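Below is one structure, written out as structure tokens; comments come after it.
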Amino acid sequence: MSERLRQRFADPRPPGEPLFIPYVTAGYPRREDTVPILLAMEEAGAGVIELGVPFSDPLADGATIQHANQVALEQGVTLRDCLAFVREARARGLQAPVLLMGYYNPILALGEARAAAEAAAAGVDGFIVVDLPPEEAASFLAECRANHLSFVPLVAPTTSEQRLPRVAAVADAFLYVVSVAGTTGGHGGVPDALPGFLDMVRRHTSLPLAVGFGISTREHVAAIGRFADAAVIGSAIIAAIDAAGRQRPVERVREFVEDVTGH
Amino acid sequence: MASDVSLPARFGDFGGRYVPETLVAAHQELEDAYAVARGDPVFQAELDDLLHHYVGRPTPLYFAERLTGECGGARIWIKREDLAHTGAHKINNALGQALLARRLGKPRIIAETGAGQHGVATATVCAMLGLECAVYMGTEDIHRQSLNVFRMKMLGATVVPVDTGSRTLKDAINEAMRDWVTNVATTHYLIGSAIGPHPFPTIVRDFQSVIGREARAQMLEQAGRLPDVAVACVGGGSNAIGLFHPFLDDPVRLVGVEAGGDGISSGRHAASLVAGRPGVLHGTKTYLLQDQAGQIRETHSLSAGLDYPGVGPEHSWLKTSERAEYVSVDDRQALEGFQALTRGEGIIPALEPSHAVYHALALARSLRPDQNLLIGLSGRGDKDMHTVAAALGVTL
């Protein structure tokens, strides 16, 4: 487990204020934007940062993040490039925990042991691997543990209560709760069923819960704060970069995160 | 309970269920339902009845006398899946899975299609069973398979164009998965090849194994013995695994033929087993065409149905365990195979099995006249006339 990540969730926060977890795809819109975006996210009040590792076939992502992946891949951004971005951001003073979010094949291609060891050395805190459910995660989970990295499992509205202990068992820092069945990039906000679902999840874990998918505004994040420990926004940040014609993306991200956190 | 009826999730080290959490429950539900259905005589009786009266099974085993004479080697036998309803083997699986979906109470079916044969087969069984149907298809494939697109629409299906990535089968699968993640409560994803997360490779193989079971019995009856070699084309590999599986315990050499496109050395091909390495795509661990960083490569083949960067995980297992061998045949050779069968026997094959035909004829020449070679002819070639004409420089 990442001590930095555990500590970040343990740090005192004003009541009802969730940790904010912004996401950006590495290499989007340009390679040279990623490190400044990570630093700007922290300055603007991000609690934890998710850095998306581009993949050619992001089948859990909606059109916005698919496109960001494609643009990053056109610039040849690899998993090792993502590690280099984090290493550089740490050298420039980034303190926030950073999770790499993506798909399994780039990790397999680099090698699970090497991916985990190099990630730890670069200052990464953990992995969210969309297509690696607990049943398939044993070997990578062991590599994460050996390198003091957190493995963050996802919980979905379709996850049954009987299955929750199995999912919770692989978590060590927090669980990522997918708010709606669907791809990233929805705008549905906070579903009515979410509080009840979170209650069910809490019956099977004492770890913090982060909520993502369908969360796109400051109001959504504030609402999440009443029920969960953290809220994730991804597609809306990419969309904010796109809406500005990809001009001055670092400033667009900074403004977006400041607006959500009130910094 | 699931633990009483669960099916093996892996073929050696290959296979598995690498899916987003949202889809885990649907795969488990499908696995449980299928494990019960395959032991249920009522389900099997309905399937068998429809395979006979609706699909037209058993399909014939044909002795290709003229091609045998021309090659001067092994006796050549052809398993005629081109004569199944809708013109290809795809209907075997589409029918079986649609019956399963009805058992699961899911009124909506989605599917991906490359050449359009699986899309047509799915639209067909949905029309017959009264199920809603949406078919995802890459815009590149929509262009080269316009006849099948129109057939699907006539059958009442919605054809959803996919304009991402290489705009072919791989991208259609991504988009179908996204639909399924969003609509999983009401929808069954009717995967068309022996690929994807567990239990799909097992389900598709079981429903397609009717090809090999019939062919095995027909060889024994008509040739008086088993074939020495069985040859089939491999894209995702459903017709090949269907043909091969019933022969796995027999002394029969099994040869899968992948799409060599412009040639393996050109890098423009779809030969995952010949030129790829293991990885995870579309929920399964299998041989993939990928770059050093694990990004999936774009593929090329004249035949839309073989234009896929992965392959069914059981084929990966048959390759590494050396029970089957895999070779590639390029676009130009496939056209030769197409013409040889068309002119030699009056059977117009689809471009996909034309790959198998080319390799089989070469193989037959190297065998003795007392040996027997079996070709899986997965579908008919009507859909490919525009592509063949263009490749031969003819304007229709």
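The values are calculated or read from the model by the stated rules, or taken from the named source; none is laboratory data. Since this is a predicted model, take the numbers as computed values, not measurements. Here the Cβ is made from the backbone with ideal geometry for all residues, glycine too, and neighbour counts use every protein chain on show. Heavy atoms of the whole protein, side chains included, go into the accessibility calculation; ligands, DNA and RNA do not. Shrake-Rupley method; radii C 1.70, N 1.55, O 1.52, S 1.80 Å.
At-a-glance table
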item: Candidates B:102, B:178, B:151: whichever shows maximal mean-square fluctuation once chain B is modelled as a Gaussian network with Cα springs under 10 Å; result: B:178
item: Local electrostatic count at residue B:319 - Lys and Arg +1, Asp and Glu -1, tallied over other residues with Cβ under 11 Å; result: -3
item: Relative packing of peptides B:92-98, B:103-109 - highest average C-beta neighbours within 10 Å first; result: B:92-98, B:103-109
item: Translational diffusion coefficient (Stokes-Einstein; Kirkwood radius from C-alpha pairs) of the stretch B:142-290 at 20 °C, 1.002 mPa s, in µm²/s; result: 122
item: Compactness index (Cα Rg / 2.2 N^0.38 Å), the protein assembly as shown; result: 1.00
item: Cα Rg over Rh - the stretch A:17-261, Kirkwood; result: 0.93
item: Chain A: calculated mean residue ellipticity at 222 nm from DSSP helix runs of at least 4, using -39500 (n - 2.57); result: -13000 deg cm²/dmol
item: Interchain or long-range residues, amide H under 5 Å from residue B:372's placed H; result: B:75, B:228, B:229
item: Size-normalised alpha-carbon gyration radius of the stretch A:26-86, reference 2.2 N^0.38 Å; result: 1.10
item: For chain A: relative contact order, % (alpha-carbon pairs under 8 angstrom, 6 or more apart); result: 25
item: Solvent-accessible area lost in complex, 10 Å² minimum, residues of the stretch B:20-36 relative to chain alone, 1.4 Å; result: B:20, B:21, B:22, B:24, B:25
item: Dimensionless Rg/Rh of the stretch B:80-234 - Kirkwood Rh, Rg from C-alpha atoms; result: 1.00
item: Rg ratio (alpha-carbon, reference 2.2 N^0.38 Å) - the stretch B:330-396; result: 1.15
item: Per-residue [θ]222 nm for chain B (sum of -39500 (n - 2.57) over DSSP H runs n ≥ 4, rounded to 500); result: -13500 deg cm²/dmol
item: Between the stretch A:168-188 and the stretch A:107-160, the Cα center-to-center distance that results, in Å; result: 15
item: Partnerless Cys - chain B, beta-carbon criterion under 4.7 Å; result: B:71, B:233
item: Peptide-level mean, for A:77-89, of C-beta atoms on other protein chains within 10 Å; result: 1
item: GluC sites (Glu not before Pro) lying in DSSP loop within the stretch A:85-174, provided at most 14 other Cβ fall within 10 Å; result: A:161
item: Karplus 3J(HN,Hα) series, Hz, for the stretch A:102-115 with 6.51 cos²θ - 1.76 cosθ + 1.60 (x for Gly, Pro); result: x, 10, 6, 4, x, 5, 4, 5, 6, x, 4, 5, 5, 4
item: Net charge of Cβ neighbours under 13 Å - reference residue B:290; Lys, Arg +1; Asp, Glu -1; result: +1
item: GNM flexibility winner over chain B from B:130, B:267, B:138 (Cα, springs under 10 Å); result: B:130
item: Distance from the stretch B:319-349 to the stretch A:15-78 (C-alpha centre basis), Å; result: 46
item: Cβ neighbours within 10 Å from other chains - mean over B:284-294; result: 5
item: Diffusion constant of the stretch B:10-146 at 10 °C, which comes from Stokes-Einstein with the Kirkwood Cα-pair radius and 1.306 mPa s, µm²/s; result: 91
item: Selection of GluC sites (Glu not before Pro), the stretch B:306-396, meeting DSSP coil and at most 13 other Cβ within 10 Å; result: B:322
item: Number of partner chain Cβ atoms within 10 Å, mean per residue of A:150-163; result: 3
item: The stretch A:88-197: trypsin sites (Lys or Arg not before Pro) in DSSP loop, at most 15 other beta carbons within 10 Å; result: A:92
item: Stokes-Einstein D (µm²/s) once Rh is taken as the Kirkwood radius of chain B over alpha-carbon pairs, at 20 °C in 1.002 mPa s; result: 104
item: Of all DSSP beta bridges in the protein assembly as shown, antiparallel share, percent nearest 5; result: 20
item: Spatial separation of Cα centroids for the stretch A:230-263 and the stretch B:206-260, in angstrom; result: 56
item: Peptides A:170-176, B:292-298 ordered by average Cβ neighbours within 10 Å, highest first; result: A:170-176, B:292-298
item: Highest average packing first - A:246-253, B:385-392, B:305-312, Cβ atoms within 10 Å; result: B:305-312, A:246-253, B:385-392
item: Alpha-carbon Rg/Rh ratio, for the stretch B:144-206, with Rh computed the Kirkwood way; result: 0.98
item: Pairwise burial A:B, computed as accessible area of each alone minus the pair, summed, 1.4 Å, Å²; result: 2500
item: Residue-count net charge about residue B:250 - beta-carbon cut-off 14 Å; Lys, Arg +1, Asp, Glu -1; result: +3
